[in-house]
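The block underneath contains the structure these notes are about, expressed in structure tokens.
The values are calculated or read from the model by the stated rules, or taken from the named source; none is laboratory data. What you see is a predicted model; the values in this text were computed from it and never measured. All Cβ positions, glycine included, derive from the backbone under ideal geometry; neighbour counts span all protein chains shown. Areas reflect the complete protein model, heavy atoms only, side chains present, ligands, DNA and RNA absent. Shrake-Rupley method; radii C 1.70, N 1.55, O 1.52, S 1.80 Å.
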Amino acid sequence: MPSDDIKDIYRQLVRKLEERCRLGGVMGVMHWDQEVIMPHGGAESRAMQMAALAGVLHEKSVDPFLGDLISKLINLEPDEFTGVEWCNIREAKREFDLETKIPKELVQEIAELGSRGHQVWAKAREENRFEDFAPILERFIILKSKWAEHAFPEMEPYDANLDIYERGMTMDRLSPIFENLKNELIPLIRSIKNSGMKPDDSFLEGDFPIDKQEALGNSISRDMGFNFDKGRMDVSVHPFCGGGHPTDVRITTRYRTENFIESLFAVIHETGHGLYEQGRMAACLDLPVSEPLTMAVHESQSLFWERMIAQGKSFSIRYLDKFKEVFPDFLKGVSADSLFRAINVCRPSFIRVEADELTYPVHIILRYEIEKSLFDGTLKVKDLPDAWNDKMEEYLGIRPSTDTLGALQDVHWSGGAFGYFPSYTLGAMYACQFYNKMIVDIKDIPERIEQGDLACIKTWLNENIHRQGRLYSPDQLAEKVTGQILEPDIFINYLKTKYNTIYGLN
Ligand code: ZN
């Protein structure tokens, strides 16, 4: 094919992809509006508007003309294109295949079960009635297994579900990683408990006016480099990062007057996600190549700031005085060292979203093991609550007294999102591995943080991660940035060193 023709076909593809991306942006703004400022009365009409837009998006995604353009390009030699162009073609192909391979009735049933499932789950959680939610879960496992057969017929059903969030990840690879992590963390958590040492974190409780918390969150988000000309921060029930475009990134948090650290850390976490969005490659903002790579890599960016930076000692050294200035009635006599210990307390608890850095992965491994056995049939839905509670007791030494505190706590399964949970811990591992490389590249990171220079961190992440978009697979990216693919031992060693020191073990 003469090269001018190829260029023309590629240009047509780009126009199609940009249009779809822009409609997706409209959906993003509508979703943000729904979560942040929409009056309750608007819920029904908004649901219908979003369903209508989802229908338009789906039609655009399965347009045979789009399929034609892709098939004309995908069989050519990659070296006829730049890396960016080839990535857009590859991504368009993956998306098109996924959208067209699933029968329409199945797509519809999954969508319907998702919206009904959410309501049933919310009520079941409130009333502690797992049996009301069980039929939804049973149906979802059947539907998501069928979905997997269509989407990725060559894969095990659960692997196909994993692949949606972390492409390339499989049970064969993940199980030994999690097994090893579990074997290292459980004894460490137990030793901490047996040490009897309980760092004082009582000074984190108090009466912290919301306007002051908001001003503090804003200023730290700004210090991290969040661009408020291309983003904003609001309040929602569950903190999230959304919006319509990398030039319009909306992050949210929530406030409790009794505790300022929770909302502040939500701000830091969501700012980490927001910086990834704002840092995407400027030339291709409406194309797949600039999109964040995977769910785990996205999470690595929020956890990088939350865990590796804000839970580090240098951050406490830098910000203690600021905290005291904003809340003069509290934190009197508190040292940077005691603040650091207080925000790194390890205390097994029932609820994942409230879990600390060390016990969090155990919550994830528990869910992974349960999902895997639901898909391979070794666990029946009716036995799920007991399996959950047994594992909780075995791993963390605590047993939930209700399913509200156990198997009903997370929203994910109510929408059929299986295979999602591992992204959180894979993200923590990536964050740690990236951090380990950054401190080699920039030797005086602790001193810089103590002096308030967070810009160097953002720049490093912009260059190494954000601007790479989807040019590489997660393994290729990790190798390019750190010299090796995902290496869980880096994470394990980091946790052991940090918590052995804090709790005076060994
Ligand atoms: Zn996150």
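Is it the case that Leu285 is open to solvent by less than 10 Å² (accessible area, probe 1.4 Å), away from the ligand (no atom under 16 Å from the Cβ) and of a type outside the set (Phe, Trp, Tyr)?
On the way: open to solvent by less than 10 Å² (accessible area, probe 1.4 Å): no; away from the ligand (no atom under 16 Å from the Cβ): yes; of a type outside the set (Phe, Trp, Tyr): yes.
Judged against the criteria, Leu285 is not a match.
Take the residues in segment 1-28 that are among the hydrophobic types (A, V, I, L, M, F, W, C) and more than 16 Å from Leu285 (Cα to Cα); name whichever of them is surrounded by the fewest Cβ atoms within 10 Å (Cβ to Cβ).
To start, the set of residues in segment 1-28 that are among the hydrophobic types (A, V, I, L, M, F, W, C) comprises 1, 6, 9, 13-14, 17, 21, 23, 26-27.
Remaining after also requiring more than 16 Å from Leu285 (Cα to Cα): 1, 6, 9, 27.
Numbers: Met1: 10, Ile6: 16, Ile9: 18, Met27: 18.
In this case the residue turns out to be Met1.
Yes or no, residue by residue, for (1) more than 30 Å from Asp321 (Cβ to Cβ); (2) free of Cβ contacts under 8 Å to residues at least 40 places away in the same chain; (3) among the hydrophobic types (A, V, I, L, M, F, W, C):
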| residue | (1), (2), (3) |
| --- | --- |
| Asp403 | yes, no, no |
| Ala407 | yes, no, yes |
| Cys432 | no, no, yes |
| Asn436 | no, no, no |
| Val440 | no, yes, yes |
| Gln468 | yes, no, no |
| Leu486 | yes, no, yes |
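Which of the residues belonging to segment 211-239 are of a type in the set (Asp, Glu) and either surrounded by 21 or more Cβ atoms within 10 Å (Cβ to Cβ) or modelled with pLDDT under 95 (or both)? Give the derivation first.
Kept after step one, since they are of a type in the set (Asp, Glu), are these residues of segment 211-239: 211, 214, 223, 229, 234.
Passing the criteria: none in range.
Name the residue, out of Asp386, Asp441, that is surrounded by fewer than 17 Cβ atoms within 10 Å (Cβ to Cβ), closer than 30 Å to Ala160 by Cβ and not basic (Lys, Arg). Give the derivation first.
Numbers: Asp441 fails: closer than 30 Å to Ala160 by Cβ.
So the residue among Asp386, Asp441 that is surrounded by fewer than 17 Cβ atoms within 10 Å (Cβ to Cβ), closer than 30 Å to Ala160 by Cβ and not basic (Lys, Arg) is Asp386.
Given (1) within 16 Å of the ligand (Cβ to nearest atom); (2) touching an Asp or Glu at 6+ places or on another chain (Cβ under 7 Å); (3) not charged (D, E, K, R), identify the lone condition not met by Thr257.
Status for Thr257: all satisfied but (1).
Listed here are the residues, each with its yes/no results for (1) within 16 Å of the ligand (Cβ to nearest atom); (2) of a type in the set (D, E, K, R).
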{"residue": "Phe421", "(1), (2)": "yes, no"}
{"residue": "Lys437", "(1), (2)": "no, yes"}
{"residue": "Asp444", "(1), (2)": "no, yes"}
{"residue": "Ile457", "(1), (2)": "no, no"}
{"residue": "Ile465", "(1), (2)": "yes, no"}
{"residue": "Arg470", "(1), (2)": "no, yes"}
{"residue": "Asp475", "(1), (2)": "no, yes"}
{"residue": "Lys480", "(1), (2)": "no, yes"}
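Each row is one residue, and each column tells you yes or no for (1) within 16 Å of the ligand (Cβ to nearest atom); (2) hydroxyl-bearing (Ser, Thr, Tyr); (3) not in a loop (DSSP other than H, G, I, E, B).
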| residue | (1), (2), (3) |
| --- | --- |
| Glu270 | yes, no, yes |
| Val289 | no, no, yes |
| Phe323 | no, no, yes |
| Asp329 | no, no, no |
| Leu339 | no, no, yes |
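If I go through segment 397-446 residue by residue, how many of them are farther than 30 Å from Lys144 by Cβ and of a type in the set (D, E, K, R)?
Selection size over segment 397-446: 4.
Can you name every one of the helices (runs of 4 or more DSSP H) wholly within segment 1-107 that holds 2 or more residues which are of a type in the set (D, E, K, R) and at pLDDT 95 or above?
Working: elements: 3-36, 43-61, 64-74, 83-101.
Hits in segment 1-107: 3-36, 64-74, 83-101.
State all residues of segment 465-484 that are in a helix (DSSP H, G or I) and either at pLDDT below 95 or open to solvent by less than 40 Å² (accessible area, probe 1.4 Å) (or both); if no residue qualifies, say none.
Within segment 465-484, the subset in a helix (DSSP H, G or I) is 466-468, 474-482.
Matches in segment 465-484: His466, Gln468, Pro474, Leu477, Ala478, Val481, Thr482.
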